[in-house]
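This report concerns only the one structure given below.
The values are calculated or read from the model by the stated rules, or taken from the named source; none is laboratory data. Bear in mind that the values here come from a model prediction, so they are computed numbers and not experimental data. Please note: Cβ atoms are built from the backbone with ideal geometry, for glycine as well, and neighbour counts cover all protein chains shown. Surface areas here come from the heavy atoms of the whole protein model, side chains and all, with no ligands, DNA or RNA. Shrake-Rupley method; radii C 1.70, N 1.55, O 1.52, S 1.80 Å.
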Amino acid sequence: MRSRRHFRPAGGNVPGMAASDTGIDPGKWLRRSLSLSGERPSWSQALRAAVAFGAVTAAALAWGELQAGVFAASGMVLGVMQPETGPYRSRVLGLLVPQLAGAAGLVIGQLSHGHGWWAVAVTALVALVSGLISSIGRVASGAGLSLLFLNVIGTGLPASGALWLPPLCQLAGGAFYLLLALLSWRLQGTGADPGHRAVAEVYDKAADLLQALPRAGDAQAALNAAVDAAQDALMRHQIRGEGGWDAQTRWLVAMLNAATPLLEAVTVLARSTRPAPAGAAEAVRRIAEAVRAGHRDARIAPVPGDPVLARSIEYARARLSQPHPEDPDWLGLPEPLPVRALAAVRTACTSGAAWRYGARLALCMAIASAIVESGAVLRVLWVPTVHSVWLPLTVAVILKPDFGSVFTRALLRALGTVAAAVPTLLVLVLVPRGWAAVPLAAFFGGLIPVLKVKSYAARTVAVTPLMLFLFDMVSPQPSDELVLARLSDTLLGCLIVLVFGYACWPESWRARLGERLAAGLESAAGYLEEAFTGSHAAWARHRRALQRDLSAVQNALRQTLAEPPPAGRRGAAWWPVLMALQQLVDAVTAAAVEVREGAAPPPPREVAALAEELRQMAVAVRRERPPPAGEPPPVGDADVLEDVAVQVHRLRQALPL
């Protein structure tokens, strides 16, 4: 058995580390918010959007149905704004479901148009439903925004003939964009499909971690994220049951399962001071290449120096050639689609956070809608009433739950609109209405995919010209009044959100991370107890669920860091706790692997004492007071739990209580 003195926390985190030690400065929240992402835009998506908007605008001009063209373009806006990642079924659902929700919102909006306070009540109710839906997942979040977005447009724009015509035009525009997307994916399908790429990425990130040793750095987090992405790619939005999976999908699931022993071995190695054995990273990279290409064979020389790592690599390589591998259900297969859908709806309807978000959104939308319906407030503020749908639309988009900080979004929305308003006005004034609109629509539409990946402000800069251009096509008002209405309504909408959707809700500007971290501590306690008593399959599933929970906490922390002080400073104080909790999970994994390799299992009383220590920390975090003072549970020097006990002690010291 190896001596415990060789262990240290991967990445070098130490107790009491400051936020600056993690590369986080809570005082630079504005700079982080304004910085541009390094993500590369999809030029094929930009070309597709340009073709779509140009073609729809040309068709509307040719047939003399400009308002129908606006509704069709609104359907394409819903499509362009959706992310296109993951397997093809997730992409199609991400484009199709929001279109259907948007059509429903458009019908509801038309029915309430012109009914005064009844329209305000309907808008608030739709906002509440939209908020509840948004808590279910990414596709549902897009559907919730689409429902509210087109409900506002249906309520604010004048009637245009039959009730069914606007949603039909919107669905036609969305269907046209979906068709172009399917053709684009088909033309780009010469390489590996998303499922192969996602599973291969797991092995690639494992190889990156092996190359980075003895210091893991960010490679460990990248590996965890790759496993999450692969699991989502294979199992999220899976419509068929387990018995209906095709042979290729079963093979990919088996290869993802086969990575489990490799991840355990890499975790053990990452916690030591030793570098990876020669040839280990290259061997894992060869498996990644085989998975990406769909090859069922990879010639890999034996990896000397670490028998645990060598066996895990050979295990994964052997699974390549098995046409129908019967691997353990380590990652857990999804429930049937109706069961998952019912569970998601039940969770959304019983979640206190979902109801609070829905209430915030409903309140702000009711205020914005009331201002528009009354008109008196707009006249007092000297705000033009031309197409004042901008006001509730601004509120809806800023309060979108998964775009980040509400405060930062309001600020960036205002800055982005101001930056885009003047150039757009010049274009609308200088370019005559008519066929010159076709290249303009193509340009503005193609600009959205290019800028939306850079930042929220850039996204606003991209969407503002297109929406102004679309409304300018059907508006009898001068272009300068239209742009002024857009600008003033956006600023007023940002003010409504900051007052009634942010300042009045302490949970929106306080770092309410205690419950999530407390749940993580309790889950880590259960994981520790299960590591030495449960089955390997159940223990591996528990680890994956725990890693996903920690990733969710990390995302929440990053969102909190985008808030201005004091929330951002409070979030930075909790960052070392998350890092220490991750180190604890890795230490438990390493200890369990040692026991499976022949080390003596720890005494149950020591396991129970450490687990109880974690549960006491969870109670302390919920109560926001320090845990009871006391000595750490005793652990023998030759015990596999020695490093676990060290990490528990460091975790306790990191608590900012």
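R250: over 21 Å from R319 (Cα atoms) and either modelled with pLDDT under 85 or surrounded by fewer than 23 Cβ atoms within 10 Å (Cβ to Cβ) (or both), yes or no? For R250, the condition - over 21 Å from R319 (Cα atoms) and either modelled with pLDDT under 85 or surrounded by fewer than 23 Cβ atoms within 10 Å (Cβ to Cβ) (or both) - is not met.
Do you know which residues across region 186-234 are at pLDDT below 80 and either on the phi > 0 side of the Ramachandran plot or among the aromatic types (F, W, Y) (or both)? The one that is at pLDDT below 80 and either on the phi > 0 side of the Ramachandran plot or among the aromatic types (F, W, Y) (or both): G217. For region 303-342, a residue qualifies if it is modelled with pLDDT of 80 or more and among the small types (G, A, S), and the qualifying residues are A310, S312, A316, A318, S321.
Pairs are defined by a Cβ separation below 9 Å, a sequence spacing of at least 6 or placement on different chains, a first member in region 587-598 that is over 17 Å from H649 (Cβ atoms), and a second member that is open to solvent by 40 Å² or more (accessible area, probe 1.4 Å) and outside any helix (DSSP H, G or I); the pairs so defined are A592/F532; E594/M1; E594/R2; V595/F532; V595/P601; E597/M1; G598/M1.
Of all positions in region 443-457, none carries a residue that is in a helix (DSSP H, G or I), more than 24 Å from G501 (Cα to Cα) and out of contact with any helix residue (DSSP H, G or I) (no Cβ under 8 Å at 6 or more places or on another chain). Of all the listed residues (V577, V595), the sole one being β-branched (V, I, T) and surrounded by fewer than 18 Cβ atoms within 10 Å (Cβ to Cβ) is V595. The residue of region 562-573 that is modelled with the lowest pLDDT, among those that are open to solvent by 10 Å² or more (accessible area, probe 1.4 Å) and in contact with a Pro (Cβ under 7 Å, 6 or more places away or on another chain), is P565.
As a summary of the residue check, W505 satisfies the conditions (1) closer than 25 Å to A396 by Cα; (2) modelled with pLDDT of 75 or more; (3) buried (at least 18 other Cβ atoms within 10 Å of the Cβ); (4) of a type in the set (F, W, Y) except for the one numbered (3). Within region 387-404, the set of residues being of a type in the set (D, E, K, R) and either touching a Gly at 6+ places or on another chain (Cβ under 6 Å) or modelled with pLDDT of 60 or more (or both) comprises just one member, K400. Of all residues assigned to region 258-269, none qualifies as being within 31 Å of the chain's Cα centre (by Cα), open to solvent by 70 Å² or more (accessible area, probe 1.4 Å), of a type outside the set (A, V, I, L, M) and under 18 Å from V227 (Cβ atoms). Among the residues making up region 348-364, those that are over 12 Å from I136 (Cα atoms), among the hydrophobic types (A, V, I, L, M, F, W, C) and open to solvent by less than 20 Å² (accessible area, probe 1.4 Å) are L361, A362, C364. Given the condition surrounded by 14 or more Cβ atoms within 10 Å (Cβ to Cβ), acidic (D, E) and either touching a His at 6+ places or on another chain (Cβ under 9 Å) or within 30 Å of V339 (Cβ to Cβ) (or both), answer yes or no: does some residue in region 224-242 qualify? Taking every residue of region 224-242 in turn, at least one turns out to be surrounded by 14 or more Cβ atoms within 10 Å (Cβ to Cβ), acidic (D, E) and either touching a His at 6+ places or on another chain (Cβ under 9 Å) or within 30 Å of V339 (Cβ to Cβ) (or both). There is no residue in region 605-618 that is farther than 14 Å from E522 by Cβ, at pLDDT below 80 and either open to solvent by 60 Å² or more (accessible area, probe 1.4 Å) or part of a loop (DSSP other than H, G, I, E, B) (or both). Do we have V422 as open to solvent by 10 Å² or more (accessible area, probe 1.4 Å), at pLDDT below 80 and in a loop (DSSP other than H, G, I, E, B) here? Considered against the rule, which asks whether it is open to solvent by 10 Å² or more (accessible area, probe 1.4 Å), at pLDDT below 80 and in a loop (DSSP other than H, G, I, E, B), V422 comes out as no.
The numbered conditions (1) over 22 Å from L399 (Cβ atoms); (2) surrounded by 19 or more Cβ atoms within 10 Å (Cβ to Cβ) are all true for T533 except (2). Would you check if V588 is surrounded by fewer than 17 Cβ atoms within 10 Å (Cβ to Cβ), in a helix (DSSP H, G or I) and among the β-branched types (V, I, T)? Spelling it out, it is not the case that V588 is surrounded by fewer than 17 Cβ atoms within 10 Å (Cβ to Cβ), in a helix (DSSP H, G or I) and among the β-branched types (V, I, T). Give the residues of region 371-384 that are open to solvent by less than 20 Å² (accessible area, probe 1.4 Å) and either β-branched (V, I, T) or modelled with pLDDT of 85 or more (or both), sorted by residue number. Across region 371-384, the qualifying residue is only V383. Of everything in region 270-286 that is open to solvent by less than 10 Å² (accessible area, probe 1.4 Å) and out of contact with any Leu (no Cβ under 7 Å at 6 or more places or on another chain), the residue that is farthest from A221 (Cα to Cα) is A283. The residue of region 164-216 that is surrounded by the most Cβ atoms within 10 Å (Cβ to Cβ), among those that are among the β-branched types (V, I, T) and within 25 Å of the chain's Cα centre (by Cα), is V199.
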